[in-house]
Structure formats: structure tokens, C-alpha cells
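> Structure in C-alpha cells, see below.
The values are calculated or read from the model by the stated rules, or taken from the named source; none is laboratory data. Here the structure is a predicted model, which means the values were calculated and not measured. Glycine gets a Cβ as well: all are built from the backbone with ideal geometry, and neighbour counts include every protein chain shown.
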Amino acid sequence: MLLNKRQILGLTAGLATTLASGTLQARPDSPIKLGYAPWTDAEFITKLAAKLIEDRLGTPVRLVQTDVAPLYQGVMRGDLDAVLMCWLPKTHRDYWKRAEGKVEKLGQIYTGRMGLVVPAYVPRSEVAAIPDLAKPAVRDRMDGRIQTIEPGAGMTRLVHETVKAYGLDYRVQESGEAGMLAMLQRAIRGGDWIVYSGWNPHWMFNKFELRYLDDPRLAMGEEERILGAGRLGLHEERPEVAAFLSRLRMPLEELEKAMLKVREENAEAAVADYIATHRERVAGWLGGAAG
């Protein structure tokens, strides 16, 4: 069952009084509620975890897709059992400050990075680093615009901070991931110059030839650690699930290949393919239970 944003917000409000009184406890047979934002990496990892929890641990799972802020609120309040997409130390720093001490850290799942990206055909001799964007000729070719994802996202905040840090006379166009990628593909088809906020892991790096711009001020951050976070009490009440989620680790290259399969087919096909072709890794996550 997939819940939308309105439903999870209603769920959060409806359970708030019970949670505050400490009377709500998960039944052993109740579904595990996993939340994720509509990002390809988060969708794949979460649906992979859900499939293994249901098939190998015999526990039903309810998936909740919503925005980042409600996800953190949900796991802090106990409405969600876990989220598997906490980007630290920089991207989700504001969310984590509010969540620290109110959630259980489940461990690092993979690594990532964020930055400003251009197609590889943009000459490095003209645009090698973010300060090069300030050159009048480069600004004209870029149409004085940096594409990014939705307003309010951690990455979008970093793009605005980066524009200020480098004193760039650029407008930040916020359009969501789908809109940003549509602009990227249109630019690549026409051989046009474009600069946008990119990140690993993402299928775009398997599909297109791209490169990050050097960021001498580290305004967009360095390597990020993507962690899982569980509600308080998860290890005590659902030890098998918590142990599995704490062992979940994936090399970046494997994740990006899986994400491309999500893009070309669907998440369910990518999950089935990964489980079938990575039996030893999956067995390790499950404590040796290859299944």
C-alpha cells in the first residue's frame, strides 16, 4: 500500500496524541512503514528493502512516499519505522539537527556527492570550475541560469548558497527533478550549454557524459554519507528488521546501474534483477540467510 503526502500528514496528526502519551507500540505482526521521497535512489533502496523484509523476514511493509520534511517528522514521531535517505553532513543538516536524539541511526547505506554539473562537451578550457561561470561569455552561453530541483530541497538551498558564495549573477530555476532533467536532455540534444545541480548516485551519469565543476570553496559540500534512520525503539521492538536495515550497504556503481534499470523499466524489475544477481551481498544483509 502506498500512501501519499496528504495521507501521511493525516496519519501524523491523528497519532500525535497517542504517541505523546507513550501508549502506542508496534505489534509484532503490524506492517513496517518505510518512507521515501520521489527520488530514484531512495525509491530503489526503499523498495529493495521492502521486498526483502516481506519475502525473507516474513513481515508486511507499507510504503509511504512524501516530501523530505514530512519523512523526518514521521520517523521522529514514530508514524514511520524508518527512512533510508538521510544525506549528511550537509544536505540534510537542518533536518538532522531537529531529528538527532529523536531517531535511531541505522548506519551508512551508500555514499554520494552533489555539485554543479555540465555536459562533457562544454570545453574544460572555458568552464572548469564554478568561478568560471562568472565569465561574461560563459554566462551568456548558460543563459544566466542554473537549473535545480524543487524549492525547499537541501540541494536547492545549497545552490542558492553557492551562487552567493561565488557572487554569481545567475538566477536559480527551481523545477523539480523531472523538469531539470528534461531541460538537460533538451540541451544535450541541441548541443547547448547548461549548468545544473547534479548528484551521485543518479542514472544520469550512466546515460550521459557529464562532469562536475570544481568547487574550490566547497559550497556544494564534499562526499555525503547516506544513512538510514529508524524511530526510537525500533531495535527493541523489531530487532530482525532493524538489524537488516543496519547491515544494508551498497557500492555506488551497483546502485547507479540499478537506478538506470528503474529509469528504463521500473523499480520492481530493478529490485528483482538486483536480488537475483547479488545473492551473496543480499545474504550478508540478512545475516547469512540467502533464501
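> With the condition kept exactly as written, say whether any residue in the stretch 206-223 is assigned to a helix (DSSP H, G or I) and at pLDDT 95 or above. It would help to see each step written out before you state the result.
Quick first cut of the stretch 206-223, residues assigned to a helix (DSSP H, G or I) only: 206-207.
From what is left, the residues that are at pLDDT 95 or above are none.
No, because not a single residue in the stretch 206-223 is assigned to a helix (DSSP H, G or I) and at pLDDT 95 or above.
> So which residues in the stretch 34-51 are in contact with a helix residue (DSSP H, G or I) (Cβ under 7 Å, 6 or more places away or on another chain) and under 21 Å from residue 279 (Cβ atoms)?
Once the filter is applied, which keeps residues that are in contact with a helix residue (DSSP H, G or I) (Cβ under 7 Å, 6 or more places away or on another chain) and under 21 Å from residue 279 (Cβ atoms), the stretch 34-51 yields 44, 47, 48, 49, 51.
> Exactly one of these conditions fails for residue 23: (1) at pLDDT below 95; (2) within 20 Å of residue 85 (Cβ to Cβ). Give me its number.
(2)
> Just the residues that are surrounded by fewer than 19 Cβ atoms within 10 Å (Cβ to Cβ) and either over 28 Å from residue 254 (Cβ atoms) or in contact with a Leu (Cβ under 7 Å, 6 or more places away or on another chain) (or both), please, taken from the stretch 194-211.
Residues satisfying the conditions are 206, 207.
> So if I check each of 63, 57, 9, which one is at pLDDT below 95 and surrounded by fewer than 19 Cβ atoms within 10 Å (Cβ to Cβ)? Explain how you work it out, then say what you get.
Numbers: 63 fails: at pLDDT below 95; 57 fails: at pLDDT below 95.
Within the list 63, 57, 9, the selection yields 9.
> For the stretch 245-291, give me each residue that is touching a helix residue (DSSP H, G or I) at 6+ places or on another chain (Cβ under 9 Å), farther than 28 Å from residue 178 by Cβ and surrounded by 12 or more Cβ atoms within 10 Å (Cβ to Cβ).
245, 246, 247, 249, 278, 281, 282, 284, 285, 286, 289
> Still on this structure, I have one more. Looking at 76, 142 in this structure, which one is at pLDDT 95 or above and farther than 20 Å from residue 210 by Cα? Break it down into steps so the answer makes sense when it comes.
Numbers: 142 fails: farther than 20 Å from residue 210 by Cα.
The match here is 76.
> Additional query: Does residue 115 satisfy the condition of being out of contact with any Asp or Glu (no Cβ under 7 Å at 6 or more places or on another chain) and either crowded, with 18+ Cβ neighbours inside 10 Å or more than 14 Å from residue 199 (Cβ to Cβ) (or both)?
Working: out of contact with any Asp or Glu (no Cβ under 7 Å at 6 or more places or on another chain): no; either crowded, with 18+ Cβ neighbours inside 10 Å or more than 14 Å from residue 199 (Cβ to Cβ) (or both): yes.
It is false that residue 115 is out of contact with any Asp or Glu (no Cβ under 7 Å at 6 or more places or on another chain) and either crowded, with 18+ Cβ neighbours inside 10 Å or more than 14 Å from residue 199 (Cβ to Cβ) (or both).
> What are the pairs, 6+ residues apart or on separate chains, where a residue within the stretch 40-69 that is in a helix (DSSP H, G or I) has its Cβ under 9 Å from a residue that is of a type in the set (Lys, Arg)?
Close Cβ pairs satisfying both conditions: 40/263; 44/261; 50/62.
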